[in-house]
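Right, one structure below, let's go through it.
The values are calculated or read from the model by the stated rules, or taken from the named source; none is laboratory data. A quick note: this is a predicted structure, and the numbers were derived from the prediction, not measured. Please note: Cβ atoms are built from the backbone with ideal geometry, for glycine as well, and neighbour counts cover all protein chains shown. Each accessible area value is taken on the protein alone, full model and side chains, heavy atoms only, with ligands, DNA and RNA left out. Shrake-Rupley method; radii C 1.70, N 1.55, O 1.52, S 1.80 Å.
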Amino acid sequence: MAINFEQVNFSYGAGTTLAQPILHDINVTIPDGQVTAIVGQTGSGKSTLIQHLNGLLKPTSGRIIIDDFILTNGIKEKQLTGLRARVGMVFQFPENQLFANTVLDDVMYAPINFGYSKREAQIAAKEALKRVHVSEKLWHKSPFELSGGQMRRVAMAGTLASNPDIVVLDEPAAGLDPKGQNELLNIVRDLKSAGKLVVLISHQMDHVIAVADHMIVMNNGRVAAEGTPTEIFNRDLSWFKEVALDLPKAGQFAEKLRQKGRSLSRRPLLLTELAKMLNGDDQHE
Ligand SMILES: Nc1ncnc2c1ncn2[C@@H]1O[C@H](COP(=O)(O)OP(=O)(O)O)[C@@H](O)[C@H]1O
Ligand SMILES: [Mg+2]
């Protein structure tokens, strides 16, 4: 179930005088069974890129191979039904789309749309709500009585209820308090343990470190780098300025210490790792 982008270009309004080229020559692989983080400054094309994963946007040229499905510009809407069941998308602030009278009804809506019977949809919805740790006590409440973090998870359950193999999350932690953010990272870990391919857009490099196996860095509609978090976060400091990317907190501290004259053998990714290095009980030094 890996995903491959091959020479993908994308313009909004392609073929019109208002065509706006946004993605340029994208060639990346998103590995199966892993969490891939897509990072990059606002406007770099992250959301545009991920909307290709279920055919919401189609490449203007090039192709995207999602398992055995080939997405090209010429694909017809009705050919996308199968893909849409396999790729679950959670957009930014998904709780804005909650609408039903109860949490359970809201989560059942998507599977019913995918052709589940009411009974099947209810079973699937309950499973999805458990997966995102929404307590049974809340299932018959109005979604609007819930906290922000709970609403976010209910909205995610709606996507997960049809049991997609690929789960795409566009800034899922945005606007949540630290507790909500941690719950979300745990859900990402659970999805990976369940064998799903997860694509996560995030602005928080510490979240990326916490859950991602693989990273894609976008800059001005191009892939600026691809690799493991360790590979990416050990690049030259000047490169981070170029692509306007933050270091994780531990890396930021380490660079401040270096500026003050402290020599460090490498750039740590975790604060615990930095603490060890500073204590001198670091194996690598
Ligand atoms: N529907 C749209 N029509 C025209 N331009 C768009 C549309 N959506 C996004 N863009 C433009 O595409 C570029 C990339 O946006 P986006 O993919 O949302 O970036 P990111 O998610 O990294 O912030 C931006 O310049 C944005 O203004
Ligand atoms: Mg975006």
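Descriptive notes on the structure:
- Protection-proxy order for peptides 85-97, 255-267, each taking the mean of Cβ atoms within 10 Å per residue, highest first: 85-97, 255-267
- Segments 136-148, 158-170, 240-252 sorted - mean Cβ within 10 Å per residue, highest first: 158-170, 240-252, 136-148
- Distance between the stretch 106-168 and the stretch 1-35 - C-alpha centres, whole angstrom: 30 Å
- For the chain, the solvent-accessible area with a 1.4 angstrom probe is 49 square angstrom per residue.
- Stretched out straight at 0.36 nm per residue, the stretch from Asn279 to Asn220 would grow longer than its current Cα-Cα span by 17.2 nm.
- Size of electric dipole in the chain: Cβ of Lys, Arg +1 and of Asp, Glu -1, about Cα centre, debye, nearest 20: 280 debye
- Of the solvent-accessible surface of the chain, computed with a 1.4 Å probe over protein heavy atoms with every protein chain present, carbon and sulfur atoms account for 48 percent.
- Subset of Lys249/Lys276; Lys46/Lys118; Lys78/Lys126; Lys141/Lys192; Lys58/Lys130 violating a 25 Å alpha-carbon distance limit: Lys46/Lys118; Lys78/Lys126; Lys141/Lys192; Lys58/Lys130
- Placing pseudo-labels 7 Å out from each Cα toward the beta carbon at Leu18 and Phe144 gives an inter-label distance of 3.3 nm.
- Cα shape, the stretch 183-285, gyration tensor, a/c 1.5 rule: oblate
- Using a Förster distance of 22 Å, the FRET efficiency for Thr272-Asp177 (Cβ separation, nearest 0.05): 0.45
- Rounded to the nearest 20 debye, dipole of the stretch 104-218 from Cβ charges on Lys, Arg, Asp, Glu: 340 debye
- Under 15 Å from Lys179, Cα to Cα: aspartates and glutamates that are on another chain or at least 8 residues apart: Asp206
- Taking every alpha-carbon pair under 8 Å whose residues sit at least 6 apart, the chain reaches a relative contact order of 22 percent.
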